[in-house]
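Note sheet for the following structure.
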Amino acid sequence: AANLADIYAMGGKPKYLTVAMAATGNEELEWMLDIARGIAHEAHLVGAQVIGGDLARGEKIVISITAMGECEKPILRSGAIVGDSIFISSLPGWSAAGLIALQKDIRGGLIDFAISEHRAPSVDYANAEELAKSARALCDISDSLLIQSEQMADASGVQFEIDGDLITKHPDFEDLKKVAEALQVSVFDLILSGGEDHLFLATGSTLNGFEIGKVVAGSGIRLSNLATPQPGWQHFS
């Protein structure tokens, strides 16, 4: 899902996957088959095929997937212009909540949904295709909403103004807030700084998504009606 989302994040259509896997040799055959079935299932959702890869022995299980796709005109992060609205395809923060729940060994209700989103992210591929039809700038939110917004703003030479009041109006906000309270963390830290949400961030005029702000003159990010969140996702923290 993460690899396929990267292709959609450029306005492309995934076509092929290669899978390289290191296994310890102690795994059950059925477990290995489940991995293969899971990858094939996700590829089937978008009409992609697994065309090859490699299998080797290693000290730890490592799975590396490469996605290949095509598009007539890629949508870059640098296409945002002053006057655009900022859209998200769905509310981020669920994956980060799921990770915290696993670390704290908390289960039940909406927390179980958060855990499932961390373990097996659901990507709205159809919405990604709709966004690609008219978005000026586009990327996914795997490294957190804050980091990806700043990258897009810097690449486009503009400022992203993100409005907390708009975010609170998202239909999933209250559910995520309940999860955050159960985990004793800030819901906005989850939304703004959590990583591994394979959703989409786009700018344009009227897009198939949920508006969270505006593109204005300036640089970087400006948060309105929001407290400063915790630092965003870091790959090597």
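Read-outs throughout are calculated quantities, based only on the coordinates presented, and are distinct from any laboratory measurement. If you're wondering where the values come from, they're calculated on a predicted model, not measured in any experiment. Here Cβ is always computed from backbone atoms with ideal geometry, including for glycine, and neighbour counts include all displayed protein chains.
For the chain, what class follows from the C-alpha gyration tensor (a ≥ b ≥ c being the square roots of its eigenvalues): rounded when a/c is under 1.5, otherwise prolate if a/b is larger than b/c, else oblate? The shape class here is oblate. Could you list, in their original order, any pairs among Lys133/Lys177; Lys104/Lys177; Lys73/Lys169; Lys15/Lys73; Lys169/Lys214; Lys13/Lys73 whose Cα atoms are separated by more than 23 Å? From the list (Lys133/Lys177; Lys104/Lys177; Lys73/Lys169; Lys15/Lys73; Lys169/Lys214; Lys13/Lys73), the Cα-Cα distance tops 23 Å for Lys133/Lys177; Lys73/Lys169. When both the range 71-144 and the range 13-47 are represented by their alpha-carbon centers, they are found 22 Å apart.
Rounded to the nearest 500, the 222 nm mean residue ellipticity of the chain from helices alone is -11000 deg cm²/dmol, with -39,500 (n - 2.57) taken per DSSP H run of at least 4 residues.
Note that the range 79-93 has calculated 3J(HN,Hα) couplings of x, 5, 10, 4, x, 5, 8, 9, 10, 10, 6, 7, 7, x, x Hz, one per residue in order, obtained from phi through the Karplus relation 6.51 cos²θ - 1.76 cosθ + 1.60 (θ = phi - 60°); glycine and proline are x. Both radii were evaluated on the Cα set of the range 1-132; the Rg over Rh quotient, with Rh as the Kirkwood radius, amounts to 1.03. DSSP assigns beta bridges within the range 1-92; of those with both partners inside it, close to 55 percent run antiparallel. Look at the Cα gyration tensor of the range 108-171: its axes a ≥ b ≥ c give a/c of at least 1.5 with a/b over b/c, and that counts as prolate. When +1 charges are put on Lys and Arg Cβ atoms and -1 charges on Asp and Glu Cβ atoms, the dipole computed for the chain relative to its Cα centre reaches about 320 debye.
Our coupling estimate for the range 157-167, obtained by passing each phi through the Karplus curve with A = 6.51, B = -1.76, C = 1.60 and θ = phi - 60°, is x, 9, 10, 9, 9, 9, 9, x, 5, 5, 4 Hz, Gly and Pro reported as x. Above 17 Å, the calculated P(r) of the range 1-73 contains 45 percent of its Cα-Cα pairs. Taking a virtual spin label 7 Å from the Cα of Lys169 along the C-beta vector, which residues in the range 73-100 bring their backbone nitrogen under 15 Å of it? Within reach of a label on Lys169: 85-88. The share of alpha-carbon pairs in the range 49-122 lying farther apart than 16 Å comes to 72%. Modelled label positions at Ser64 and Ser224, each set 7 Å beyond Cα in the direction of Cβ, lie 4.5 nm from each other.
Kirkwood hydrodynamic radius computed over the range 98-233 comes to 15.6 Å, based on all pairs of distinct alpha carbons. Overall, the range 26-95 carries a charge dipole of about 260 debye about its Cα centre when +1 sits on the Cβ of Lys and Arg and -1 on the Cβ of Asp and Glu, all other atoms neutral.
Residue-wise HN-Hα couplings along the range 172-186, as the Karplus relation 6.51 cos²θ - 1.76 cosθ + 1.60 with θ = phi - 60° gives them from phi, are 9, 4, 4, 5, 5, 4, 4, 5, 4, 5, 5, 8, 6, 9, 7 Hz; Gly and Pro carry x. With a Förster radius of 25 Å applied to the C-beta separation of Asp154 and Lys15, the computed FRET efficiency comes to 0.25.
Note on Glu130 and Ile35: the model spin-label points, each 7 Å out from Cα along the C-beta direction, lie 3.6 nm apart.
Projecting the Cα atoms of Ser193, Gly204, Ile115 onto the charge dipole of the range 84-237 (Cβ charges, centred on the Cα centre) puts Ser193 farthest toward the positive pole.
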